[in-house]
Amino acid sequence: MSTDPWVSPAGTAAAPESGPLPPPSTATAPTPTDLSSFAPPTGAPLPPPASSPTGSVPVAYGAPVAYGAPQGYAQVAPLQAAPTTVSPLDTWAKVGAIAAAVAGLAWALGGLLVVQVLTPAGAAAVMILLAIGTLGGIAGYVTLCLWMMRVKKIVEPQGYPAPAGWKIWASWFIPVYWFYGPVKALSDLGFKAGKDRMATFLAMWWGGFLLFSVGNRVSGIEEVGSDVMVFLAPVMALATLVSFAGLWILIVEISRAAAAPAPVAMPAPPAPPTPTA
């Protein structure tokens, strides 16, 4: 056995010869593609806005990608513990929308009958219609808010706009704010589905609802005669149906977009290493 300290023992790698070491590789890590200029096809989910925390990096259900594979391709980080589907709350929201539409029609008919000379049986019918209207309105409100909360829990971690929970539940009851608070909350939740695409349906839903609300307030004035209600009741009924159609489409389109994966940008391929001299 050699006593030379510079001789490697048997079975081990020899020490490198003296001399300059080769320069380190100048290959750069791949950089993610900015999503701000991403233009999805019509109807596809939009990427998060560039101002959001995850809007300028590749995302998948809100989780930024992490590099580290030998080939330099992106590896998706584990999904967050957030819901990825709106079911069955979207179905319940549709049921609530139907209940709210029935409620609106019941209130319109009840307002027309209440100004007529009623028999005891007619008065009982009015009371039943008003009870149906009240219960249908409550059902529509609760199911819509629950569905909006589920959509919020899905899209918010992905970097999309989402209203605060109290705005979803309480904006309907705050004076003045209720004129625009609920529609603003649903507009934010519809960003992923395409804000411009949802604008028409938002106008149908909220415009019809406001028109019905005004008519309902007018019908409650004692001085309103039957000739006014003959005109007002059909207007309220039509506004109810327009609002229902807009809300139904919003539920379908926003639910579909919320359940779809957020657009993910592919990273740029790694740069080739610079040849050493």
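Computed quantities for the displayed model
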| quantity | calculated |
| --- | --- |
| Qualifying residue in the range 152-161 (condition: farther than 27 Å from residue 263 by Cβ and at pLDDT 95 or above) | no |
| Some residue of the range 209-218 being more than 22 Å from the chain's Cα centre (by Cα), over 19 Å from residue 244 (Cα atoms) and of a type outside the set (Asp, Glu) | yes |
| Verdict on residue 224 being part of a loop (DSSP other than H, G, I, E, B), of a type outside the set (Asp, Glu), more than 14 Å from the chain's Cα centre (by Cα) and in the same structural domain as residue 95 (by TED's automatic domain parsing) | yes |
| Check on residue 230, part of a loop (DSSP other than H, G, I, E, B) and more than 22 Å from residue 97 (Cα to Cα) | no |
| Candidate set from the range 172-183 (those that are of a type outside the set (Val, Ile, Thr) and surrounded by fewer than 20 Cβ atoms within 10 Å (Cβ to Cβ)); member that is nearest to residue 97 (Cα to Cα) | 172 |
| Residue 232 being closer than 26 Å to residue 109 by Cβ and more than 24 Å from the chain's Cα centre (by Cα) | yes |
| Count - residues of the range 147-171 that are of a type in the set (Phe, Trp, Tyr) and either in contact (Cβ under 8 Å) with a residue 40 or more places away in the chain or crowded, with 19+ Cβ neighbours inside 10 Å (or both) | 2 |
| Filter result for the condition that a residue is among the small types (Gly, Ala, Ser) and at pLDDT 95 or above, over 187, 213, 219, 226 | 187 |
| Residues located in the range 184-221, provided they are surrounded by fewer than 18 Cβ atoms within 10 Å (Cβ to Cβ), part of a helix (DSSP H, G or I) and either of a type in the set (Gly, Ala, Ser) or not assigned by TED's automatic domain parsing to the domain that holds residue 167 (or both) | 199, 203, 207, 213 |
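Matching residues to (1) within 22 Å of residue 226 (Cα to Cα); (2) outside any helix (DSSP H, G or I):
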site	(1), (2)
86	no, yes
93	no, no
96	no, no
122	yes, no
133	yes, no
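The values are calculated or read from the model by the stated rules, or taken from the named source; none is laboratory data. Quick caveat: nothing in here was measured; it's all calculated off a predicted structure. Methodologically, a virtual Cβ is constructed for each residue, glycine included, from the backbone with ideal geometry; neighbour enumeration extends over all protein chains shown.
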